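This report concerns only the one structure given below.
The values are calculated or read from the model by the stated rules, or taken from the named source; none is laboratory data. If you're wondering where the values come from, they're calculated on a predicted model, not measured in any experiment. Glycine gets a Cβ as well: all are built from the backbone with ideal geometry, and neighbour counts include every protein chain shown. SASA here: full protein model, heavy atoms, side chains in, ligands and nucleic acids out. Shrake-Rupley method; radii C 1.70, N 1.55, O 1.52, S 1.80 Å.
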Amino acid sequence: MPTTTATKPIYLFEEGNASMRDLLGGKGAGLAEMTGMGLPVPPGFTITTQQCLEYYKQGKKMPAGLSELILENVKTIEKKMGKGFGDPKNPLLVSVRSGARESMPGMMDTVLNLGLNDQTVEGLAKLTGDARFAYDAFRRFIQMFSDVVLNLKKRSFEEILSKKKKAQGVKEDSDLTADSLKALVSEYREHVKKSAGREFPMDVKEQLLMAVQAVFASWNNERAIVYREKENIPHDLGTAVNVQSMVFGNMGSDCGTGVSFTRNYNTGAKEVTGDFLFNAQGEDVVAGIRTPLQLSALKDKSPEIHQQLVDISANLEKHYRDMQDMEFTVERGKIFMLQTRRAKRTAQAAVKIAVDMEKEGLITQSEAIQRVSADQIDQLLHPYFPVDKKKAALEAGRLVAKGIPASPGAACGEVVFEAVDALKLKAAGKPVILVRPETTPDDAQGMLASVGILTSTGGPTSHAALVARGWGIPCVVGCEALSIDLEKKTVTAGNKVWKEGQAISIDGSTGEVMEGTIDRVSPSELTGDAKLILDWADKVRKLGVYANADNPKDAARARAFGAEGIGLCRTEHMFMETDRLPIVQRMIMAAPEAERLKRGVHRLELDVVEAAGHKKEELQHRLDELKKELAGPWKIYQETLTQLLPVQREDFRGILKAMEGCWVIIRLLDPPLHEFLPNYEELLVEVAEQRMLQKFADQKVDVSKVGKLHSQAEQKEREALLGKVRSLKEFNPMLGLRVCRLGIVYPEIYRMQVRALFEAACELKSKGVDVKPEVMIPGVGHVNEMKFTRDMVQEVAQTVLREKGVTLTYKVGTMVELPRATVVAGSLAQHAEFFSFGTNDLTQTTFGYSRDDAAGTFIPVYIEKKILERDPFQVLDSEGVGQLMRMAVEAGRHANAKLEVGICGEHGGEPHSIAFCHSLGLNYVSCSPYRVPIARLAAAQAALASQPKSGKSQD
Ligand code: PEP
Ligand code: MG
């Protein structure tokens, strides 16, 4: 919601400034600030965002008194321009442009050339001495107004235009004569009458008031809503509306329009870059219909205008202390500024610009850290085509065409031509590359569903390029060698044709388009400016950053990305590896039986002690029998544990070594045992099929054509396995025999793991390697679970250390992943040296949502229906789960001042959640290796968030 206390519904540009962004929107605030700086800005005014909110409050009606105020302010523009709105002799034309607080490029509506009618068009023709220009402006206006205000499809006007061109035997719009354009205007108006059921409005005041309302309404068009959701822009801000005197870039060859940037948005290099079109109107550049020229063309033709632009750029960048994206128009050799805003840039550029600006003394180190987003760091870690793979593809003649690199990154996917098809295929799990002549804001959802975007027209500031860059989607534009047939759904390059569904690869950093897919690799470290930014971030962050890694390779990768330790090693992943799985399965099949019999033996032993006489003898006999029965499964259980011990030891040795000098938190076995066994339903089908085959085979039927019959021994083994899997089946395994409950019921497994860890640690320590193991007990909810498991861990650890004669610092702690654990955190902390929030399970158990089912069933509906703002399994629910965490931190630290507290659920790598963890005062976050750099940055940004900002802000 707007925070300023201003009360005026409308501000002239000279009355506003950059700090009024909430009220005037980004564009309005920029125009006001530029006006204040004395830059050449055509006069105008801004209707505030509050008026837009009021419009919605009134049920989409113009707020009381606003129409009169708008018309009054138009008079001020009239005076400044010496023209009259609707004056047939000297007409004032205006643009009506949207502009929200956050930039939403192309998502809302704009109307240009407003103020034209039968009389003023003639006036404009006379005044400019150019009837062609006047009627071209009029037909553009009718088309735009009808699209935005009257909801008539743009395409229907384009069809009329195409027909006209055909009839006149011309190719380009600019070849149409004044008379043809005049006739076209009549045809357009006929079309409006037929399709909209009303005459095109000829009263300029009516035009203006209708346009303002349509721009208000465009705040809530579908594509704007989608964009806001993607960009996390609140829906209740509203848009401002800017009414500004028109300047014309399409009045001849000494006119033009362009978009420029104070630095290179691709590389970050300090050079004014941009696109320019001679004799064109603003929309022509952004729409991507004509491929624009580089700014150098302007420099060649009008060096003074180019120099003016360079000077204005430098002035604006210094003023705002950030890279600017500007729109300008040159009318008859005079430059006018129409917009300045914070420029979107690629991840590479963002990093370079932040570092360069710090070096230039324009911003501080803290600001530089805040100038790079977590998403951009993420993009730097996206896969790329390795040089050798791409070289091979090019040498094999797989280069299809080369366009303009518009958004870096490597993408491979199936060709798709329509945004709706992109959405469908994405839903079917297929990566797609959206291929179109150009994109429009209506394609936004489909673009978002694509892994890459390729257009045959448009420049680096076309809609496709801007949106792709903003969203970090690899993109190539202006690939003119491609001929795209949207009807037939084919794309042709030379004599080759690609159909929908065929695979292509694009390199958004070089503009290459290649046939088929090419293997991609992910970067293994961050270097140069990105490394520098993260080093700066490390100096300010309060949170430690650990990684979740289960093997030495991941651990080493995490370390290269800057992880300071391992916050979670899920040991079950070691059990799942193919060479161990058979052993683990044997163990699981033997363990329940062994444990059951062992408990029976134990009970009987007690009974024997207490019994006397004949009863004692009988019990003794039963005890002997039971011991015999136990011997079999117990032997297998012990054997398998003995086999697993050295394997686990080796795993731990590798990880501890890779993380030498850092803490490594090893979590004892966590998942329900059935996860290691074959799927019950599949096994059941297999066994039943075999039974059937056997039955037929017994009746001497030849079954060889139907299936392969198992041997008797095989079938017996599968039947036994089925029995075991059935017996281990639980109604709700996530709440069943897992986490520490597993270690309490089958202590031998945990004992083996702890022994393996400490044997590995001792071996390394005695070779001089600095090892720092921590043992983490999962899923504790009761203090007695904590005590039991911790005592067991301590006993085994101490035994190994004694055996090996090694002294070692180590810690034992617990995961906090159950609501009960957060409630009794005080008592748990008396037996734990650390807590690590397992927010995956804590979210699951706090909400009572299954973490495995929620995302695929009700969460999307919940988000759509606004029951939940975000998926709580992705962004930590600070209001609910977070409060439990807060309670646990406070109680835990109160009971044990030395308690270390971290988080190792997936939220540990998510920026909003990291900010929350910072606010809780956690010691560290732990996340997957590829999120470590993101976490380093996000932790620093969280630490800096409370510091005041300096200078002009466009945020
Ligand atoms: C958790 O529950 O947050 C956690 C890290 O453990 P897992 O995802 O392995 O259950
Ligand atoms: Mg868990």
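Of the GluC sites (Glu not before Pro) found in the range 481-520, those in coil by DSSP whose Cβ has at most 14 other Cβ atoms within 10 Å are Glu487. Inter-part distance, the range 556-577 to the range 852-917, computed on C-alpha centroids, equals 22 Å.
Taking a point 7 Å from the Cα of Tyr680 along the Cα-to-Cβ direction, the residues of the range 835-877 with backbone N closer than 19 Å to it are 850-853. Remark: relative contact order (the range 800-955) = 22 percent; criterion is Cα-Cα distance under 8 angstrom and separation of 6 or more residues. Atom-type composition of the exposed protein surface of the range 608-763 places 56 percent of the accessible area on carbon and sulfur (1.4 angstrom probe).
On alpha-carbon atoms, Rg over Rh for the range 559-705 using Kirkwood Rh? That ratio equals 1.18. Cross-link partners for Lys424 among the aspartates and glutamates, with Cα-Cα distance under 19 Å and sequence neighbours closer than 8 places in the same chain left out: Glu222, Glu414, Asp442, Asp443, Glu487, Glu500, Glu864.
With K and R counted +1 and D and E -1, the other residues having a Cβ less than 15 Å from that of Ala556 yield a net charge of -1.
Three principal axis extents of the range 160-253 based on alpha-carbon atoms, in descending order, are 50, 30, 28 Å. For the range 832-955, carbon and sulfur atoms together expose 50% of the accessible surface, with a 1.4 angstrom probe and every protein chain in place.
P(r) for the range 32-91, from all Cα pairs and a bin width of 5 Å, is 4, 15, 18, 18, 17, 16, 9, 3 %, short bins first.
For the range 672-734, just say rounded, prolate or oblate: build the C-alpha gyration tensor, square-root its eigenvalues into a ≥ b ≥ c, call rounded for a/c under 1.5, and beyond that prolate if a/b exceeds b/c, oblate if not. Verdict is prolate for the range 672-734. Between the C-alpha center of the range 310-364 and that of the range 82-100 there is a gap of 29 Å. Based on C-alpha pairs under 8 angstrom that are at least 6 apart in sequence, the chain has a relative contact order of 9 percent. Solvent exposure of the range 530-597, expressed per residue, is 38 Å² of accessible area, with all protein chains present and a 1.4 angstrom probe. With Cα atoms as the point set, the range 74-135 shows a radius of gyration and Dmax of 14.0, 41 Å. Per the Kirkwood formula applied to alpha carbons, the range 490-565 shows a radius of gyration over Rh ratio, Rg over Rh, of 1.22. With a cut-off of 10 Å between beta carbons, the residues surrounding Leu127 carry a summed charge of +1, where Lys and Arg count +1 and Asp and Glu -1.
Taken over the C-alpha atoms, the range 645-784 has Rg and Dmax values of 22.1, 70 angstrom.
Can you show me the helix-derived [θ] at 222 nm for the chain, built from DSSP H runs with n ≥ 4 at -39,500 (n - 2.57) apiece and divided by the number of residues, rounded to the nearest 500. Counting only the DSSP helices, I get -15500 deg cm²/dmol. Rolling a 1.4 Å probe over the protein heavy atoms gives the range 1-120 an accessible area of 38 Å² per residue. For the chain, the Kirkwood radius over C-alpha pairs fed into Stokes-Einstein at 37 °C and 0.692 mPa s yields D = 101 µm² per second.
Using only alpha carbons, the range 172-217 has a radius of gyration to Kirkwood radius ratio (Rg to Rh) of 1.09. By accessible area, using a 1.4 Å probe on protein heavy atoms only, the range 262-312 has 52% of its surface on carbon and sulfur.
For the chain, with the dipole built from +1 on Lys and Arg beta-carbon atoms and -1 on Asp and Glu ones, taken about the Cα centre, which of His573, Ala563, Ser245 lies farthest toward the positive end? The Cα lying farthest towards the positive end belongs to Ser245.
Sites listed here are trypsin sites (Lys or Arg not before Pro) in the range 175-220 whose DSSP assignment is loop and whose Cβ has at most 10 other Cβ atoms within 10 Å: Arg198. Of the cross-linked pairs Lys359/Lys531; Lys635/Lys724; Lys154/Lys402; Lys153/Lys193; Lys344/Lys390; Lys153/Lys344, which ones have a Cα-Cα span greater than 19 Å in the structure shown? Listed pairs above 19 Å: Lys154/Lys402; Lys344/Lys390; Lys153/Lys344.
Averaged over its residues, the range 377-479 has an accessible area of 33 Å² per residue, based on protein heavy atoms and a 1.4 Å probe. Reported to the nearest whole Å, the Cα centre-to-centre distance from the range 602-637 to the range 396-461 is 73. How much of the DSSP bridge set in the chain is antiparallel, in percent, rounded to the nearest 5? Antiparallel: roughly 60 percent of the beta bridges in the chain.
Calculated on the Cα set of the range 1-118, radius of gyration then Dmax: 14.5, 44 Å. Computed over neighbours whose Cβ is under 11 Å from that of Ala428, the net charge equals +1, Lys and Arg +1, Asp and Glu -1. Given axes a ≥ b ≥ c from the Cα gyration tensor, I'd like to know whether the range 423-501 is rounded (a/c under 1.5), prolate (a/b larger than b/c) or oblate. Oblate shape, in that a/c is at least 1.5 and b/c is the bigger or equal ratio. For the range 932-943, the Karplus equation 6.51 cos²θ - 1.76 cosθ + 1.60, evaluated at θ = phi - 60°, returns couplings of 4, x, 5, 5, 4, 5, 4, 5, 5, 5, 5, 5 Hz by residue, with Gly and Pro reported as x. Charge dipole of the range 369-484 (Cα centre as origin; +1 on each Lys and Arg Cβ, -1 on each Asp and Glu Cβ, all else neutral): 300 debye, rounded to the nearest 20. For the chain, the Cβ-based charge dipole about the Cα centre amounts to some 140 debye (Lys, Arg positive; Asp, Glu negative; other atoms uncharged).
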